[in-house]
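K.L.:
Sharing a structure here in structure tokens format.
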Amino acid sequence: MSDIASTPGALRLFGLSIVARVPLTMLSIGLLIHAQHLTGSFAAAGIAAGAYAVAVGVGGPVLGQLVDRRGQTATLLASSAASAALLGAAALLPAGAPLLALVGLAAAIGLATPPLGACLRTLLPGLLPDADAVRAAYAVEATASELTWVSGPPLALGLGALWSTGGALLFAGAVLLVGTAAFAAQPASRAWQPGRGAPRTRGRSMRAPAMRTLVIVLVAVGALFGAVEVAVAAAADGLGSAAAAGPLLGIWGAGSLLGGCWRSAWAAGRTVPPASRSCWPG
């Protein structure tokens, strides 16, 4: 963490990316509870949340290609503006809105989700002094991503309970737009240019058996995580407090963070490597 802290440009990018990614962790549960509020059905809400999750997976590579062609600034600004507008449209849907409209908007939001994490990780090697610092920064970034999952779901459900489910989506869209715009305005992001090496063949990475296996595993894991979000929200609602799902999911994120740090230390035989020390206090 010290290398990031001693590099002002990297520290600003890191902080802005975390701020902008907190609303991204609000969207899945936020869309779920908003759809349930409008339709009265967790089954319908699960369909909308599933459409969002699938669209995020489909849209990520497409937006990544746009970043490679057009640069980070234009792609991030356009995708965040589209996400904010679509979230506003979803927030203003009336009760009893057709499920097809909810699913369509959720899918469109997923397709337009800005690739902030990927853009940050692309910039870090050019801002830090050596490979060890970059590896440590990636570990810090992974840790901070878990922290957004600790705060995002409770924030979405808290705003939904205290204000409205549509209001939670409006808040997420506003923070996403402002945070992403601030990230994209940083000199390192504006100046970044894709490498001009050998031409890339579409789908080339998927030819590797290990990559195909990884994709299959991660799809299964993503389906499991999505099912848990729906199940926890439905169970909390059945017990009389849908907002209780937020702290429960936040505790889950905290456990994931601590478990990952412990696993890093255990795998190193009680000697925490430099890239994992960022998980531990001090």
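The values are calculated or read from the model by the stated rules, or taken from the named source; none is laboratory data. Because the structure is predicted, anything quoted here is derived from the model rather than measured. Positions of Cβ are generated from backbone atoms using ideal geometry, with glycine treated the same way; all protein chains shown enter the neighbour counts.
K.L.:
Looking at segment 87-110, which of its residues are aliphatic (A, V, I, L, M) and free of Cβ contacts under 8 Å to residues at least 60 places away in the same chain?
P.N.:
Listed by number, the residues that qualify are ALA89, ALA95, ALA97, LEU100, ALA101, VAL103, LEU105, ALA107, ALA108.
K.L.:
Separate question: In segment 162-182, which residue that is among the β-branched types (Val, Ile, Thr) and crowded, with 18+ Cβ neighbours inside 10 Å is nearest to THR25 (Cα to Cα)?
P.N.:
Only one residue fits best here, namely VAL175.
K.L.:
Could you go through segment 107-118 and let me know if any residue there is closer than 23 Å to LEU159 by Cβ, among the polar types (S, T, N, Q) and surrounded by fewer than 17 Cβ atoms within 10 Å (Cβ to Cβ).
P.N.:
no
K.L.:
Suppose the filter is on the phi < 0 side of the Ramachandran plot, of a type in the set (A, V, I, L, M) and within 15 Å of the chain's Cα centre (by Cα); does ALA118 pass it?
P.N.:
It is true that ALA118 is on the phi < 0 side of the Ramachandran plot, of a type in the set (A, V, I, L, M) and within 15 Å of the chain's Cα centre (by Cα).
K.L.:
Tell me which residues, restricted to segment 107-136, are charged (D, E, K, R) and at pLDDT below 85.
P.N.:
ASP130, ASP132, ARG135
K.L.:
May I pose another question? Failed condition for ALA184, given (1) of a type in the set (Gly, Ala, Ser); (2) within 20 Å of CYS119 (Cα to Cα); (3) modelled with pLDDT under 90, with all others met?
P.N.:
(3)
K.L.:
What residue, of LEU147, LEU155, LEU159, LEU123, is under 16 Å from the mean Cα position of the chain (by Cα) and crowded, with 20+ Cβ neighbours inside 10 Å?
P.N.:
Among LEU147, LEU155, LEU159, LEU123, only LEU155 is under 16 Å from the mean Cα position of the chain (by Cα) and crowded, with 20+ Cβ neighbours inside 10 Å.
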